[in-house]
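Right, one structure below, let's go through it.
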Amino acid sequence: MVHIEETVEIKAPVEKVWALVSDAERIPEWAKGYTEKVTITSKQLRGVGATTHEVGVAFGKPYEKDFIATEWVDKEKIVFENTTGWPWKGSWIMKPTKEGTLFTYTVDFELPFKAERLKEVFRKRYEELLEKWVQNIKNIVEKK
């Protein structure tokens, strides 16, 4: 299992960070160049059990994935897992600080191929994506 974690300090209250990341349809705003569209596919828009369908381009190849929220604590944490493709789980965790919010994005996944070199290249590229995404979230929230 590959584990990647990126944390950033955002100079804005948790409520502002939460407003951005808890709205699945806004993911393309901060995951530019990867996620093109997210559609909520469940009747409930938020909370445990909410489902989404994501379309985008991952490392130059088109993809489609489905996700379900498995844990949801308002203004603190969202945990989500894919329901299609290889095993993948992610979380967004927000903690208030004196300066604003400590935001952490983690992913854990099993790659569907055996080649160790390829796994390492994929892991490194995914680390770079997460680093870029947390910075994008920071930039969007701090502008408002």
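Readers should treat all values here as calculations from the given coordinates under stated rules, not as data from a laboratory. This one's a predicted model, so the numbers in the text were calculated from it and none came from an experiment. Neighbour counts run over all protein chains shown; Cβ positions are idealised from the backbone, glycine included.
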Report summary line: One finds the C-alpha centres of region 53-96 and region 126-144 to be spaced, in Å, by 16 Å
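With a sphere of radius 11 Å drawn around the Cβ of I4, what net charge do the other residues whose Cβ falls strictly inside it have (Lys, Arg +1; Asp, Glu -1)?
Numbers: positive: R123, K124, R125; negative: E5, E6, D108, E127, E128, E131.
Every neighbour counted, the sum reads -3.
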Query raised in the report: Using only Cα atoms, what is the ratio of the radius of gyration of the chain to 2.2 N^0.38 Å?
Result: 1.02
Report task. Positive end of the charge dipole of region 15-144 (Lys, Arg +1 and Asp, Glu -1 on Cβ, about the Cα centre): tell me which of L130, T41, H53 has its Cα farthest that way. Result -> L130
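With +1 assigned to the C-beta of every Lys and Arg and -1 to the C-beta of every Asp and Glu, and no other charges, what is the dipole magnitude of the chain about the Cα centre in debye, to the nearest 20?
240 debye
Using 18 Å as the Cα-Cα cut-off, could you pick out the over-long pairs in K16/K89; K65/K132; K95/K138; K11/K32; K37/K61; K11/K95? List each step's numbers first, then the result.
Values: K16/K89 24 Å; K65/K132 21 Å; K95/K138 14 Å; K11/K32 22 Å; K37/K61 15 Å; K11/K95 12 Å.
Pairs exceeding the cut-off: K16/K89; K65/K132; K11/K32.
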